[in-house]
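A.B. asks: One structure follows; several queries about it will come next.
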Amino acid sequence: MPKDKLWGGRFTQPTDKFVEEFTASIQYDKRLYHQDIRGSVAHARMLGKQGIIPLEDVEQIVHGLQAILEQIEAGKFDFSISLEDIHMNIEARLSAAIGEAGKRLHTGRSRNDQVALDIRLYLRDEIIEITTYIDLLIDALLTQAEDNIDTLMPGFTHLQSAQPILFAHHLMAYIEMFKRDKERLEDCFKRVDVLPLGAGALAGTTFPIDREYVAEQLKFHAITRNSLDSVSDRDFALEFLADASILMMHLSRFSEELILWSTAAFQFIELSDGFCTGSSIMPQKKNPDVPELVRGKTGRVYGNLMALLTTMKGLPLAYNKDMQEDKEPLFDTIDTVKGSLKIFAEMIREMRVNVGAMRKAAGQGFSTATDVADYLVRKGLPFRDAHEVVGKAVAYCLENGMDITGLSLAEWHIFSAKIDSDIFDCITVEASVNARNIQGGTARGRVWSEIQNVRAGN
Ligand code: ARG
């Protein structure tokens, strides 16, 4: 008979060793120890307050759990596979240490609502931490944007030179993405921040528990309203994984640009040596490993979302053991996102910007052609006709191996009599940027006030 098992009563034969290993989650759910203990302390206090267990037992339980917490933090706790998970490891140790009282802790509770509670507590803390990392990254980007308020670069569509922009404007685009990521996580937090404890195994409990009191102690803003849903819901974890996937997608796109910008062909930026590695054969190489790895790790974060969605898709209500598979994807995503954000903030802070190379590229590829078309519109030509005129001028330049900024007034007149000498003022890269003086545009003043807006927390 498996005497070592907390649920051994109805069993006559010991668990197969390999089954034990296969079904255990302690290898990875031990990282929930703090949450598990916090949850148990709150549960025990509630049981005592409600007169469900004696107050002396509550005192013993709380002290016993405190001692276990200290042991775990000192690395002196022996986690046992045969005790399956963090919940039973802690409970078994508590009972071994304090006896009877320890065995009363699980009154009115099931591991099903317990594990749901632990994950929610854990994720709550992690979401808060991740949002502080997002703030660090935004701050690093703001500093670069301020430092580069006069740095011009080519803006691209289809990765072809499109129109000149400010480098600061480009960086601010990423800030918009990260601000949305933060908002999404804060919104997800609301659905994580709900107490599931009290659902018992699935149907509730026969004891007169006070769920509001537990929620208060653990600072949950609400309690779940259906016991079946409480133990079978992992939407909050999926939502987090989806939000994390979008965040990684942003980091990955940014990585792609940093990698491209560091090439010899672009030379827009230089990542500091600390974020790069060399090649074992090519002495000249400095590889952008950090952004490459962040781009690469985006795959596993997407994979984690798919893994949990797939785990959940066929499950009947309420708890099923399949759901134990929620933890590894969740933990892996949390670690990956935190690591990526942290390293990115530092990398951005230390990134060197090659203002000259960006400025040179900003003027290439007929990047101010749209400005000529807009000029003609202001002289009364319908936009479609203006587009046609400038297209012809571009073709002429291509044929003659020149840029539109090199056309003389006489040459411009081949294409339109409406063009005057003031054309030369509006086809410089600076003029092009500053002409886009609308909300959300790349004009220097607009970008600067946006930077200050974000700095002020808007
Ligand atoms: N280790 C389990 C998990 O992570 C805890 C809940 C187990 N409940 C049960 N009835 N077997 O999901």
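A.B. asks: Once the Cα gyration tensor of segment 238-377 is found, what semi-axes does its equivalent ellipsoid get, as square roots of 5 times the eigenvalues, in whole Å, sorted largest first?
C.D. replies: Semi-axes, largest first: 40, 23, 11 Å.
A.B. asks: Still on this structure, please answer the following. How about Lys338: which lysines have a C-alpha closer than 30 Å to its C-alpha, ignoring those fewer than 8 places off in the same chain?
C.D. replies: Answer for Lys338, where 30 Å is the Cα cut-off: Lys30, Lys76, Lys179, Lys182, Lys190, Lys219, Lys285, Lys286, Lys297, Lys313, Lys321, Lys327, listed by chain and number.
A.B. asks: In the P(r) worked out for segment 205-290, what percent of Cα pairs fall beyond 16 Å?
C.D. replies: Cα-Cα pairs of segment 205-290 separated by over 16 Å account for 73 percent.
A.B. asks: Continuing with the same structure: Can you compute the label reach from Glu100? Point 7 Å from Cα along the Cβ direction, backbone N cut-off under 15 Å, restricted to segment 37-81.
C.D. replies: Those under the cut-off are 53-61.
A.B. asks: Test of understanding: what is the full-extension gain from Thr12 to Leu409, defined as 0.36 nm times their sequence separation minus their Cα-Cα distance?
C.D. replies: 133.0 nm
A.B. asks: Tell me which lysines have Cα within less than 28 Å of Lys418's Cα, excluding those fewer than 8 residues away on the same chain?
C.D. replies: Of all the lysines, those that pass the test against Lys418 - Cα under 28 Å, at least 8 places apart if same chain - are Lys379, Lys392.
A.B. asks: Taking N as the number of residues in segment 268-324, what is its Cα Rg relative to 2.2 N^0.38 Å?
C.D. replies: 1.96
A.B. asks: Near Leu159, within a Cβ-to-Cβ distance under 13 Å, what is the net charge of the other residues, with Lys and Arg +1 and Asp and Glu -1?
C.D. replies: Net charge in that neighbourhood comes out at -1.
A.B. asks: Can you give the extra length, in nm with one decimal, that the chain gains between Asn320 and Ile223 once fully stretched, where that is 0.36 nm per residue apart less the Cα-Cα distance?
C.D. replies: 32.8 nm
A.B. asks: Hey, got a sec? Which chymotrypsin sites (Phe, Trp or Tyr not before Pro) in segment 1-79 land in a DSSP loop and have at most 14 other Cβ atoms within 10 Å?
C.D. replies: Trp7, Phe11
A.B. asks: With a bin width of 10 angstrom, please list the P(r) values of segment 102-208 as percents of all Cα-Cα pairs, from the 0 bin to the one holding the largest distance.
C.D. replies: Spelled out bin by bin, segment 102-208 gives 13, 26, 20, 16, 11, 9, 5, 0 percent.
A.B. asks: Could I have the simple spin-label model distance between Met177 and Ala203, label points 7 Å from Cα toward Cβ, reported in nm to one decimal?
C.D. replies: Here the answer is 5.1 nm between the modelled labels.
A.B. asks: Can you give the Kirkwood hydrodynamic radius of the chain from its Cα pairs, in Å with one decimal?
C.D. replies: It is 26.4 Å.
A.B. asks: Once you have the Cα-Cα distance between Asp135 and Arg300, take 0.36 nm times their residue separation minus that, and quote the gain in nm to one decimal.
C.D. replies: Length gained, Asp135 through Arg300: 57.0 nm.
A.B. asks: Against the longest principal axis of the chain, how steep is helix 444-455, in degrees 0 to 90 to the nearest 10, with axes from Cα atoms?
C.D. replies: 10 degrees
A.B. asks: When N counts the residues of segment 360-458, how does its alpha-carbon radius of gyration compare numerically with 2.2 N^0.38 Å, as a ratio?
C.D. replies: Dividing the Cα Rg of segment 360-458 by 2.2 N^0.38 Å gives 1.25.
A.B. asks: Which distance in nm do the two modelled labels at Asp273 and Gln27 give, with both placed 7 Å along the Cα-to-Cβ direction?
C.D. replies: In this crude spin-label approximation the distance works out to 4.1 nm.
A.B. asks: Taking 25 °C and 0.890 mPa s as the conditions, I'd like the Stokes-Einstein D for segment 153-263 in µm²/s, using the Kirkwood hydrodynamic radius from alpha carbon pairs.
C.D. replies: Here the translational diffusion coefficient equals 140 µm²/s.
A.B. asks: Further question: Separation between the Glu146 and Asp4 pseudo-spin-labels, each 7 Å from Cα along Cα→Cβ, expressed in nm?
C.D. replies: Each label point is offset 7 Å from its Cα along the Cβ direction, giving 6.0 nm.
A.B. asks: Here is a follow-up. Run lengths n ≥ 4 of DSSP H only: what is the helix-derived mean residue ellipticity at 222 nm for the chain, with -39500 (n - 2.57) per run over all residues, to the nearest 500?
C.D. replies: Estimated from H runs of four or more residues: -20000 deg cm²/dmol.
A.B. asks: Same structure, new question: Based on Cα positions only, what radius of gyration and what Dmax would you give for segment 42-150, in angstroms?
C.D. replies: Rg, Dmax (Cα atoms, Å): 20.8, 72.
A.B. asks: Moving to a separate point now. What residues of segment 355-377 lie in the reach of a label at Asp420, counting those whose backbone N is under 16 Å from a point 7 Å from the Cα along Cα→Cβ?
C.D. replies: Flagged as within label range: 375-377.
A.B. asks: Something else: What is the sum of charges, Lys and Arg at +1 and Asp and Glu at -1, for the other residues whose Cβ falls under 12 Å from the Cβ of Cys397?
C.D. replies: -2
A.B. asks: Relative to the longest principal axis of the C-alpha atoms of the chain, give the angle of the C-alpha long axis of helix 235-261, reported between 0 and 90° and rounded to the nearest 10°.
C.D. replies: 30 degrees
A.B. asks: Roughly how large, in nm² to one decimal, is the mean projection of the convex hull of the alpha-carbon atoms in segment 180-221?
C.D. replies: For segment 180-221, the mean projected area of the Cα convex hull comes to 3.6 nm².
A.B. asks: Next up: Counting only other residues whose beta carbon sits under 12 Å from that of His221, what net charge do I get with K and R as +1, D and E as -1?
C.D. replies: +2
Values in this text are rule-based calculations from the coordinates and carry no lab data. Being a predicted model, the structure only gives us computed values, none of them experimental. Here the Cβ is made from the backbone with ideal geometry for all residues, glycine too, and neighbour counts use every protein chain on show.
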